[in-house]
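The structure appears below as structure tokens.
All of the numbers you see were taken from the coordinates with simple rules; none came from a lab. Note that the structure is predicted; figures quoted are calculated from it, not measured. Cβ placement follows ideal geometry from the backbone for every residue including glycine, while neighbour counts extend to all protein chains displayed.
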Amino acid sequence: MKGRLRSSLLALVLMGSPLAALAQGQEDTTDWLGNPLWTEQPEDIGVQPDDSVDPFEGRPLPTAIQEKGPRPKSDPSVVVPAATTLPPDVDELAAPAPLALPNQPAQVRIEDLRPLSLTEAVELMEVNNPFLEALKIRIDEAQSRLRAAIAAWYPTLNLSTNRFKFPGRNFGTNYRNFGKPATDAQAAQRKNQKKRQFPDMKLDRYGEWWGTTQTFGASATATLDWKLINPKRVPDVAAARDDYEKAKNNYLITLRDLRLQTAREYFNLQNDDANVLTFRTAVQASLINVRDTRAKLQAGVATKLDVLEAETQLARDQSDLSGALRDQSAQRRQLAATLNLPQDVTPTASDNLEVLGVWTPSLEESIIASYEFREELDNIILDISIFNSRANSFLGDIQPFLNIAGDARWSKQFGEQRQRDDTVDMGRVAENLDQSIYMGLTWKIFDGGRSQALAREQKQKAKESEYLFARERNEIRQELENQFFDLQKHARNLISDSRQVLSSREAYRLAVLRFQAGVGTQRNVIDNQRDVTRAEVDYFTTVVFYNRTLAALRRQTGLDAVVRCTPADLPASPPPKDPATDVPVFSTPITEPCEFQRATFVPPAD
């Protein structure tokens with residue numbers, strides 16, 4: 001019976017290891033996120049070139065401009081589109097309003113612990129994440145800037161009004177004093193002189209004139225301007241177009257990063273759940289050990305030291321369980337923040353912690369796929385194009401501009417300006433209509449070298465971006481190689497850690513039997529129990545690291561080349577529990593820390 005149990009445990013552990021995945025092969029056609037798997041055949045993976053092929057033949061290496069083009073366009077087809085609507089199972093977990101701010105404790109009190117699978121968590125992130133929604137708006141902003149730049153190809157038409165407004169009414173009183181003469185003869189002479197100069201004015205005997213103005217009218221001016229030659233127009237539109245492509249690339253980069261972040265946080269939550277289960281099992285084993293040791297003390301076959309050692313180990317396991325519960329709660333809330341869930345919902349992991357599969361491409365294939373897949377390299381090429389376009393735009397400032405323009409001015413006025421005592425004739429009408437069309441040439445011949453200096457600065461930035469491209473290329477390869485080597489390390493550790501779990505469990509079982517038989521010590525039991533806990537924690541941590549590395553490789557290369565592990569064929573119902581070992585684990589009280597401090601205080605010696 002014990003041999004069969006040990007074989008079953010070994011099979012269960014190895015079932016979650018990469019050896020089982022390689023042995024059993026691929027069962028489904030999609031990866032753990034629901035994306036289609038790689039279609040390349042396993043026999044074509046990692047094929048090395050013939051030794052007769054010169055590895056240095058064909059140099060120099062092709063440039064990124066030759067491979068991707070001088071202005072690469074964003075290709076959203078290489079990425080699975082983000083979800084736009086939530087599935088019916090989680091549609092009630094839609095994100096709250098962007099400006100929502102709770103102001104009552106009941107609004108943030110957790111009312112629902114919602115189990116989620118990894119696929120559901122990724123879908124919720126794609127629909128709810130606020131930063132992803134902000135990047136979508138940034139794409140629209142870049143598109144609006146591009147449309148504004150394209151508008152430079154079209155003519156402009158302006159309409160304005162002058163002092164008559166549209167329409168307007170003027171009221172006024174005018175007064176003119178030509179100087180009062182000393183005698184009547186001089187006054188008459190002055191009056192006749194002014195009549196000859198201003199025959200329409202009616203002057204009084206002193207040469208003064210009082211008048212009134214009352215007009216009603218409207219006027220408007222229309223101006224048309226069309227730049228036939230504008231050296232800045234083409235480079236400005238090109239720079240706006242490249243900026244628009246960069247905005248779309250940034251969205252794809254962030255979408256992949258958030259998917260990877262969600263997967264990592266989900267794996268971390270699985271690890272915390274496994275640690276809670278492991279430490280709870282350790283506390284349960286320590287409770288059983290304390291119970292049995294106290295019974296042996298009463299029977300006279302154990303010592304007080306054995307009881308104290310068992311109680312010390314129980315306290316240590318309870319402390320580890322408290323830390324695991326804290327990490328679990330914090331990781332749940334971190335995942336809730338990434339998914340932007342409602343304020344009263346906390347997610348839990350419904351998927352079991354297990355190895356997801358095996359990475360099938362070789363290191364070389366992964367590197368080349370990463371170079372072709374990463375939009376970070378495309379963005380640097382677009383930066384080079386943007387800097388060159390800006391340089392041409394600055395040079396356009398000192399080139400001739402040619403435009404054709406025209407304007408039309410219209411005005412119409414009712415009323416007149418008369419003497420104060422006379423009635424103003426509002427039937428008097430004055431209407432004007434003037435039209436003109438002309439061409440204009442503007443040429444800034446000399447600006448002190450400012451435009452050339454600014455253009456030279458942009459050219460230098462473009463040259464700087466070429467070296468930044470080389471640095472980014474090297475960092476991409478180094479990052480991928482590190483992930484690839486980490487995956488190999490974790491695969492080896494999975495095998496060694498699974499053996500460690502099995503051997504430590506068997507050692508603990510034998511230590512318990514020896515202690516019960518009176519040939520072992522309590523210290524051996526405690527040490528072996530600690531080894532079991534540490535081995536299980538290390539194994540689950542390695543599984544999480546392995547899955548996180550797989551997700552990172554998938555994000556960096558864009559390949560879904562993961563052979564999934566075949567799930568273990570487990571019985572539908574769990575095995576029955578033994579009442580002797582099924583001991584309930586109660587939570588440690590957290591409301592009386594002062595009482596425990598007073599209980600552990602030891603007064604100083606006299």
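Quickly run through the range 278-320 and pick out the residues that are of a type in the set (A, V, I, L, M, F, W, C) and either loosely packed, with under 15 Cβ neighbours inside 10 Å or over 17 Å from Thr581 (Cα atoms) (or both).
Ala295, Leu297, Ala299, Val301, Ala302, Leu305, Val307, Leu308, Ala315
Right, Ala315: touching a residue at least 12 places away in the same chain (Cβ under 8 Å), over 24 Å from the mean Cα position of the chain (by Cα) and assigned to a helix (DSSP H, G or I) or not?
Here the answer is no, as Ala315 does not meet what is asked.
Only one of (1) more than 19 Å from Thr338 (Cα to Cα); (2) surrounded by 10 or more Cβ atoms within 10 Å (Cβ to Cβ) is not met by Leu93, so which one is it?
Here Leu93 clears every test but (1).
Which numbered condition trips up Gly406, out of (1) free of Cβ contacts under 8 Å to residues at least 60 places away in the same chain; (2) more than 28 Å from the chain's Cα centre (by Cα)?
Only one criterion is unmet by Gly406, namely (1).
Filter the range 121-152 down to residues that are under 26 Å from the mean Cα position of the chain (by Cα) and without any contact (Cβ under 8 Å) to a residue 40 or more places away in the chain and give me whichever is farthest from Asn340 (Cα to Cα).
Ranking the candidates gives Arg147 first.
Can you list residue pairs whose Cβ atoms sit under 8 Å apart, with the first residue in the range 324-338 being among the basic types (Lys, Arg) and the second being not in a helix (DSSP H, G or I)? Count only pairs 6 or more apart in sequence or on different chains.
Qualifying pairs under 8 Å: Arg332/Thr346; Arg332/Pro347; Arg332/Thr348; Arg333/Thr346.
Just the residues that are of a type in the set (Asp, Glu), surrounded by fewer than 18 Cβ atoms within 10 Å (Cβ to Cβ) and over 30 Å from the mean Cα position of the chain (by Cα), please, taken from the range 471-508.
Glu506
Mind counting the residues in the range 66-93 that are among the hydrophobic types (A, V, I, L, M, F, W, C), outside any helix (DSSP H, G or I) and under 17 Å from Thr557 (Cα atoms)?
Counting residues in the range 66-93 that are among the hydrophobic types (A, V, I, L, M, F, W, C), outside any helix (DSSP H, G or I) and under 17 Å from Thr557 (Cα atoms) gives 2.
Checking Asn103 against (1) of a type in the set (S, T, N, Q); (2) in contact with a helix residue (DSSP H, G or I) (Cβ under 6 Å, 6 or more places away or on another chain); (3) farther than 18 Å from Arg555 by Cβ, which test does it fail?
(2)
Are any residues in the range 427-470 over 31 Å from the mean Cα position of the chain (by Cα), loosely packed, with under 14 Cβ neighbours inside 10 Å, among the hydrophobic types (A, V, I, L, M, F, W, C) and part of a helix (DSSP H, G or I), and if so, which ones?
Ala453
Name the pairs whose Cβ atoms lie under 8 Å apart, with the first residue in the range 369-381 and on the phi > 0 side of the Ramachandran plot and in a helix (DSSP H, G or I), the second crowded, with 20+ Cβ neighbours inside 10 Å and polar (S, T, N, Q), and 6 or more positions between them or separate chains?
none
Evaluate the range 460-480: report whether one residue or more is within 21 Å of Asp317 (Cα to Cα), among the aromatic types (Phe, Trp, Tyr) and without any contact (Cβ under 8 Å) to a residue 60 or more places away in the chain.
No, the conditions are met nowhere in the range 460-480.
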